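Since the structure comes first, as structure tokens, the remarks are kept for the end.
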Amino acid sequence: MNFTRLSLVALILFSMESCQPEKNESTPVAMPKDPHSYSIPTDARVTHLSWKADIHVDTKTIDAVATWNIEKSEGADLLTLDIKGLTIKEVFLDNNQKTEFRLSEKDPILGQALAILIKPETKRVAVHYSVPADAEAIQWLSPQQTAGKKYPFMFTQSQAILARTWVPCQDSPSIRFTYDADVKVPNTLLAMMSASNPQEKNEKGEYHFEMKQPIASYLLALTVGDVAFKPISDRAGIYAEPSVVEKAAWEFADLEKMIAGAESLYGKYQWERYDLIVLPPSFPFGGMENPRLTFATPTILAGDRSLTSLVAHELAHSWSGNLVTNATWDDFWLNEGFTVYFEHRIMEKLYGHDYSEMQATLALQDLKETIADLKGDNLSKDTKLKLDLVGRNPDDGVTDIAYNKGYFFLRLIEEQYGREKFDAFLNNYFHDNAFKSLDTDGFIKYIKDYYQTKNNISLSDSLFNEWIFSEDLPASCPQPVSTLLEKVDAALSQWKADGRFNPTAAAQWSTHEWLHFIKNLPDALSAEQMAALDAFGKFTESGNAEILCAWFVHVIKHNYKKAYPRMEEFLINTGRRKFLSPLYGELVKTPEGKQYAKDIYAKARPNYHFVATNTFDKLLN
Ligand SMILES: [Zn+2]
């Protein structure tokens, strides 16, 4: 694409010259820092959104008005927003004065700039628009795709740059705004947003929302469905389809303990309520930290509370990510590395050091695999914490690097200079940077200043260069020790030596120990061994998505046909990309496997969200 913001501004100013004779030709145009947004916040930036929307579940479309309060620099005559796929009908300033707007050429990743002519006195800009049925952020589910099978369902997934596909906005994590919304839905359904939420349906199907704390656009979220609510505590509760809500509330019974534990570590929870909604299985991620209302996959309903670390993770984002936000997607590790560190600390506090070390050990294994895979795919540069995603989809940065390399880097600083100092640092970091965005350089400056001033410790540049700006995993990486997993290793060694399983030891295993067992099975397994393993662990019949996914990798490698029908059912009904990637990735390694993968994908694709199909269309075409 040869479109630039400057050329757009030039084009628009030129074409609108007659409307604004007072325009100052020498007004400098600052280039924004975020490569994934067309907005020019130094000229005009949004501060508050009033969103009015009619949700048409029958046609899978939305008619809406987004009214933005703005702040502008003197002489600025354009408000620039990001859009993708929206039909812009009309734009008004303040008291219904119609104004002109222009759209840039379409970019396949970024969409279009929507440049709106504003006046010196402009305070509010109202964009009337509609959202098409194929908006990339939104997934519309038929009744068949829900647990209840009676009503349709919809949800949005805005991160990283998909908010612009349902709300014209300055779609950069460096820009924050508050919002209110009035949303109309069929009265059989409940609407919920990343804001203050209703707990029951009303007869009109009209809901009002307020988000008084400023958020970035990627945290805009909406979901509509036949949903019930069950409280866990005064400030926390669970939303899910009526047939799922009891099971979900049981699974997340420790939610209030997690919030209190998190607060005791790093300060007060700043968003008033913390609720969680369990979505239908096509939700593409494990969880999404939409403020006040985490969106979660039902694949964490293991029936034994063993996968709730995901909730600790999404909760931790209420500090790292939602409160202190990465300024661009190149700084994504600031969101995720801090969150994984915080998640491990919550888990340690609630369930003990052995438990969190087990998770850290598994995280290190995953990280090493990811680094090997990225190098194998000629993407070594993506093993740096500080990414360079210019011209690429920021979704490419969602790998274990941001999460687990980020975690081990922070853990290294904790181990080198002591936990007490690190906790004090984190408390200050969240306090001083609350409701702000930070880039990697800003983080480095902050932590160096902090350690110098408070502890008289000088953190060396080589530490940051080695971990943030260099490829691969540094030799200084902390090494977690897990006594629980050592017992699993012993059981594996025994089985390798004499073919005998130890059911007594395994009776105590949690999901994580089973995963370690499955992932560390030998590369070569005979048909008899596969059958014996399946009889021992009852993997094929498991209801636990983590175990199924790890097991199916072996099923594909060793052509264990008995498990194929279950695997096919799993792939068709689960939309979580974390599970789909290893399975489709393993299947395409052989010609027969690839054909089989394509056959399954043809059936499964309607059940997947855009962020999943965007990944697998490339792999399976
Ligand atoms: Zn996260």
Inset, instruction - Please work out if residue 597 is surrounded by 22 or more Cβ atoms within 10 Å (Cβ to Cβ) and either closer than 30 Å to residue 152 by Cα or charged (D, E, K, R) (or both). - result: yes
Legend entry - Filtered residue count, region 432-462, keeping only those that are open to solvent by less than 20 Å² (accessible area, probe 1.4 Å), hydrophobic (A, V, I, L, M, F, W, C) and part of a helix (DSSP H, G or I): 2
Inset, instruction - Answer yes or no as to whether residue 505 is in contact with a Lys or Arg (Cβ under 7 Å, 6 or more places away or on another chain) and at pLDDT below 95. - result: yes
Inset, instruction - Looking only at region 266-298, count how many residues are within 22 Å of residue 581 (Cα to Cα), away from the ligand (no atom under 16 Å from the Cβ) and out of contact with any strand residue (DSSP E or B) (no Cβ under 7 Å at 6 or more places or on another chain). - result: 1
Inset, instruction - Name every residue in region 308-318 that is within 12 Å of the ligand (Cβ to nearest atom) and more than 12 Å from the chain's Cα centre (by Cα), in order of residue number. - result: 309, 311, 312, 315, 316, 318
Legend entry - Restricting region 336-354 to residues that are open to solvent by 10 Å² or more (accessible area, probe 1.4 Å) and within 14 Å of the ligand (Cβ to nearest atom), the residue that is farthest from residue 242 (Cα to Cα): 344
Inset, instruction - Can you run down the residue pairs with Cβ atoms below 8 Å, 6 or more apart or on separate chains, where the first is in region 425-437 and closer than 17 Å to residue 175 by Cα and the partner is part of a helix (DSSP H, G or I) and of a type in the set (Lys, Arg)? - result: none
Legend entry - Residues of region 355-369 that turn out to be closer than 19 Å to residue 511 by Cβ and either charged (D, E, K, R) or within 11 Å of the ligand (Cβ to nearest atom) (or both), as a count: 3
Inset, instruction - Report those strands (runs of 3 or more DSSP E) wholly inside region 152-245 carrying at least 3 residues which are modelled with pLDDT of 95 or more and open to solvent by 10 Å² or more (accessible area, probe 1.4 Å). - result: 176-184, 206-216, 228-233
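For every residue, the table says whether it meets (1) surrounded by fewer than 24 Cβ atoms within 10 Å (Cβ to Cβ); (2) within 11 Å of the ligand (Cβ to nearest atom).
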site: 305; (1), (2): yes, no
site: 320; (1), (2): no, yes
site: 330; (1), (2): yes, no
site: 334; (1), (2): no, no
Inset, instruction - Any chance you could count how many residues in region 246-259 are surrounded by fewer than 17 Cβ atoms within 10 Å (Cβ to Cβ) and free of Cβ contacts under 8 Å to residues at least 60 places away in the same chain? - result: 4
Inset, instruction - Looking only at region 272-303, count how many residues are at positive phi, modelled with pLDDT of 95 or more and surrounded by fewer than 22 Cβ atoms within 10 Å (Cβ to Cβ). - result: 1
Legend entry - Any hit, region 580-593, residues being free of Cβ contacts under 8 Å to residues at least 12 places away in the same chain, open to solvent by 10 Å² or more (accessible area, probe 1.4 Å), part of a helix (DSSP H, G or I) and not basic (Lys, Arg): yes
Legend entry - Selection within region 561-614 - within 28 Å of the chain's Cα centre (by Cα) and among the polar types (S, T, N, Q): 573, 574, 581, 607, 613, 614
Inset, instruction - Please specify each residue of region 348-383 satisfying the condition of being aliphatic (A, V, I, L, M) and under 20 Å from the mean Cα position of the chain (by Cα). - result: 363, 367
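Okay, residues lined up against (1) open to solvent by less than 10 Å² (accessible area, probe 1.4 Å); (2) over 31 Å from the mean Cα position of the chain (by Cα):
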site: 96; (1), (2): no, yes
site: 99; (1), (2): no, yes
site: 108; (1), (2): no, no
site: 111; (1), (2): yes, no
site: 117; (1), (2): no, yes
site: 130; (1), (2): no, no
Legend entry - Of residues in region 527-558 being in a loop (DSSP other than H, G, I, E, B) and touching a residue at least 12 places away in the same chain (Cβ under 8 Å), the one most open to solvent (accessible area, probe 1.4 Å): 541
Inset, instruction - Give the residues of region 447-462 that are out of contact with any Leu (no Cβ under 8 Å at 6 or more places or on another chain) and aliphatic (A, V, I, L, M), sorted by residue number. - result: 457, 459
Inset, instruction - Please tell me if residue 419 is open to solvent by 70 Å² or more (accessible area, probe 1.4 Å) and over 30 Å from residue 111 (Cβ atoms). - result: yes
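The values are calculated or read from the model by the stated rules, or taken from the named source; none is laboratory data. Owing to the predicted nature of the structure, the values given are computational and were not obtained by experimental measurement. All Cβ positions, even for glycine, are placed from backbone atoms using ideal geometry, and neighbour counts span all protein chains on display. Ligands, DNA and RNA are stripped out before the accessible areas are found, and what is left, the full protein with its side chains, is counted by its heavy atoms. Shrake-Rupley method; radii C 1.70, N 1.55, O 1.52, S 1.80 Å.
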